[in-house]
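The values are calculated or read from the model by the stated rules, or taken from the named source; none is laboratory data. Please read all numbers here as calculations on a predicted model, not as lab measurements. Note that each Cβ is placed from the backbone with ideal geometry, even for glycine, and that neighbours are counted across all protein chains shown. For the accessible areas, the whole protein counts, side chains as well, though only heavy atoms, and no ligand, DNA or RNA atoms are used. Shrake-Rupley method; radii C 1.70, N 1.55, O 1.52, S 1.80 Å.
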Amino acid sequence: MNATALAVALCLASAVTYAAAAVAQERLARAAVARTVGALLGNGAWWWSAGLNAAAALLHAAALRYGPLTLVQPLGALTLVAAVPLGARGAGRRVAATEWRGTLATVAGLGLLLLPASGPAPDDTLSLAEALSLSGATAAVILLLTARKDPRSGLRHATASGLASAAASALTQTVAVAGGRGGDLLSARVVAVALLVVVFAVGGMLLSQRAYRGGLGAPLAVVNLSNPLAAAAIGMVLLGERLQGGALGLLLAVAGALAAARGVLLLTRTPTAGTAAATA
């Protein structure tokens, strides 16, 4: 199995695990269990969802060792695709026709996105200065998105969660690639970046928990759109990653993005998608 195929397989496993964690988190949010951090830490079901998130994060980190950020992050949208049948099964119903159309559109769009994104295994990493700059900029945007407190802030928190996850992925790739080269895992740069990974990973999970208070569909869709877009920008600006195929590759990426966005919107607009996931 080549590096790209291995990265894709790890991404698929990570997406399914993230979907199970998201369904569990949304159920807690709807049950009003997750109103405070203290309530979360004292709830066994939340620790189960946190364990699923941790397992998914490890699979994602492994994928980043073998695939570029522009390839790995778009596959995260499959979390939403996996969450739909999980929610339907938990509700004891069949997946609706609209949900199937949304699923197929999302998968087709991701396929088109993967063609130009399937470049070589990553070989560039963030310097400590770049990692600190990225972390500071991301934290500033997250604070702007979450500063206002109102009952309809779920989508802003979902966007913030996607940005936090994208930053965590970029930082994780630096740790994974640097360690895979036989470098010093206890060097100041690797240790500092690893600590930043923990901060953004935990922060992203708590932000998504807050976003799910209004349901699963729309917030999870926003997370899965903002995450790969932000990660692609980071990969191209800071890591020197590029889409393959020139103008044709760019057209395929645009077509894939439009198809995936259409699929996500169809999944989001399905009335039963969010409520079914809540009972899973």
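For L155, are the conditions met, namely being over 14 Å from G204 (Cβ atoms) and of a type outside the set (S, T, Y)? Against the criterion (over 14 Å from G204 (Cβ atoms) and of a type outside the set (S, T, Y)), L155 qualifies. Screening the candidates A29, A3, A45 for the property of being at pLDDT below 80 and over 21 Å from the mean Cα position of the chain (by Cα) yields one hit, A45.
Screening the range 6-26 for residues that are open to solvent by less than 40 Å² (accessible area, probe 1.4 Å) and of a type in the set (G, A, S) and picking the one that is farthest from G44 (Cα to Cα) gives A7. Consider the range 90-141 and keep the residues that are at pLDDT below 75 and of a type in the set (S, T, Y). The one that is least open to solvent (accessible area, probe 1.4 Å) is T125.
Only residues that are more than 12 Å from S135 (Cβ to Cβ) and either open to solvent by less than 70 Å² (accessible area, probe 1.4 Å) or at pLDDT 90 or above (or both) were counted in the range 183-193, giving 4. Out of the range 249-280, which residues are modelled with pLDDT of 80 or more and open to solvent by 60 Å² or more (accessible area, probe 1.4 Å)? Scanning the range 249-280 gives L251, V254, L258, R262. As a summary of the residue check, L144 satisfies the conditions (1) modelled with pLDDT of 80 or more; (2) farther than 20 Å from A232 by Cα; (3) surrounded by 17 or more Cβ atoms within 10 Å (Cβ to Cβ) except for the one numbered (3).
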